[in-house]
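Throughout, read-outs are computed from the coordinates displayed, never taken from laboratory work. From a predicted model like this one, the values you see are computed outputs, not experimental measurements. Cβ atoms come from the backbone with ideal geometry, glycine included; neighbour counts cover every protein chain shown.
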Ligand code: ARG
């Protein structure tokens, strides 16, 4: 559906034209003084100087022509030359009616949809998921859904870290723990056992133990380095162990992501890109883009316009080993090969900004991706504790993601129970646990997504789980409230009919309609700017507008039945819009709360 602001602009342009003024100046925007008017146009001020006229004169001419407009109820020229505008009820309700009749509630879609790969999650195999991985999962999932909502083809890839030293550490630690020696026998030619020689819980202990040991035991560290190199150059037994590690670890990761309502189309990892490395490096050298520097192979990526130094991208260490950049470049080779995307978006901690600048430049320079392929880095800030420092357990350690989710589930359950006790409501413990999980997920995700992604934010369980203020539970509460009214209305035999929407009866109803019109462009804008927080601000304003309206309006007790049907249809549209938004943000609303 066309944007309401475009319709308004057209009306304004025609009025400027009719008065003989340049219609390029007829630009309308949402009012920054909502107490005075809904929209405003400052075009008269822009024209005044060139025309040698007082701006108020121009504004008055235009306002005069608009006096019989069907779009505006009022168009008022005010000093020094503003035109203050209020929409007419019929124009607004007509637009709302069309939104309600549309299956996407009038949202505009991408005109030229793209094929997009989103690289997010980025968990490291054999290490438990920790809160550092939370933001990538939550933001990446939202970006993926936003992209799809706007009509793009979007593929989510978890891009696991499964190729680093942690693998060598685990391989050596397992050897010392005495697992089946067959994996370490270089002469062995047969099949390896199909069952993994460790469980997920064991693996979670093996890695930290090995990592701690390598810091004190230099010989062990060297062994692990060697094992990593041997794994990477194809040693059979080690690769069999890698497969076991992956299998056990991925099953565990999937459980965690499921609790977050996050899922991936591709479960690829760094190891899947390795087969592309040798040819890629050879081509970079042959084409003259990569050169040796102190034994390492590097690509110069500095550009004249750089304001700070961008060091060369190292693609092979002097000992022949691959690096993080090598893997990311080879992954682009694989992605172009297998999917030929128009656009790749990385949702990764912003501290990796430099790495991605180097990788993107090297990829373009060496022709790994075409010049018009879009590469975006959405770098997010840290999730901090109340002390402003990166979030930790009470003991000061790194908190496992599963523990964090348990904590917020528990806090939400307590809040819901308190609420129920206050209202003397019946308590079905099992139902409460289920609802608490749904609401807790909203609290967690909204708490994250409502902040601009690039900024750090403070994880505050009390605030996130509150039913008041700009929180997930407040948004869900609004939806649940609407659902309950609709249920009551339907139980009394009423039906929702979008075609019966009337002109707004009062200022609160009009304000709700005005908020709803914003849905039309919010998804596309938020997606193009990779800014899920814009969807959050929209749902928050819309929820506020709804709750004001609801507070001031008797809907179920409404005597005028035509008015009642209209208000019910408006409520249903509000619910659909809110539910579309939270679905895109990656959570959902329960039936009751
Ligand atoms: N595994 C990495 C980490 O934990 C994140 C991976 C991000 N994605 C990428 N293509 N480099 O830091």
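Some values worked out for this structure:
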read-out: Kirkwood hydrodynamic radius of segment 192-263, Cα pairs, Å; value: 13.8
read-out: Shape call, segment 448-593: gyration tensor on alpha carbons, a/c limit 1.5; value: prolate
read-out: Sorted by Cβ density within 10 Å, fewest first, the residues 260, 585; value: 260, 585
read-out: Computed [θ] at 222 nm, deg cm²/dmol, the chain (DSSP H ≥ 4; -39,500 (n - 2.57); rounded to nearest 500); value: -17000 deg cm²/dmol
read-out: Protection-proxy order for peptides 333-344, 525-536, each taking the mean of Cβ atoms within 10 Å per residue, highest first; value: 525-536, 333-344
read-out: Proportion of all alpha-carbon pairs of segment 434-509 beyond 15 Å (%); value: 68
read-out: Quarter of Cα convex hull surface for segment 85-164, i.e. mean projection, nm²; value: 8.8
read-out: Potential lengthening between residue 305 and residue 466 on full extension [0.36 nm per residue; Cα-Cα distance subtracted]; value: 53.2 nm
read-out: Tilt relative to the chain, helix 353-365 - C-alpha long axis, 0 to 90 degrees, to 10; value: 80
read-out: Whether segment 300-379 is rounded, prolate or oblate, judged on the alpha carbon gyration tensor where a/c under 1.5 counts as rounded; value: rounded
read-out: Ordering of 141-147, 40-46, 184-190, 317-323 by packing [mean C-beta count within 10 Å, highest first]; value: 141-147, 40-46, 317-323, 184-190
read-out: Mean projected area in nm² (Cα convex hull; one quarter of hull surface) for segment 80-123; value: 7.9
read-out: Convex hull of segment 136-275 built on C-alpha atoms - directionally averaged projected area, nm²; value: 9.9
read-out: Which of 556, 412 has the fewest Cβ neighbours within 10 Å, and the rest in rising order; value: 556, 412
read-out: Relative exposure of 1, 12, judged by other C-beta atoms within 10 Å (fewest first); value: 1, 12
read-out: Relative pair counts by distance (%), Cα atoms of segment 2-61, 10 Å bins; value: 23, 52, 23, 2
read-out: Antiparallel content of DSSP bridges confined to the chain, in %, to 5; value: 50
read-out: Cα pair distances of segment 121-190 binned at 10 Å [whole percent]; value: 17, 30, 24, 17, 11, 2
read-out: Listed peptides 102-114, 501-513, 294-306 by packing density, highest first (mean Cβ within 10 Å); value: 501-513, 102-114, 294-306
read-out: FRET efficiency, 1/(1 + (r/R0)^6) with R0 30 Å, evaluated for residue 74 and residue 53 via beta carbons; value: 0.85
read-out: Inter-label distance, nm, simple model (7 Å from Cα along the C-beta direction), residue 506/residue 552; value: 0.6
read-out: Tilt relative to the chain, helix 277-286 - C-alpha long axis, 0 to 90 degrees, to 10; value: 80
read-out: Tail beyond 32 Å, pair distance distribution of the chain (Cα, percent); value: 59
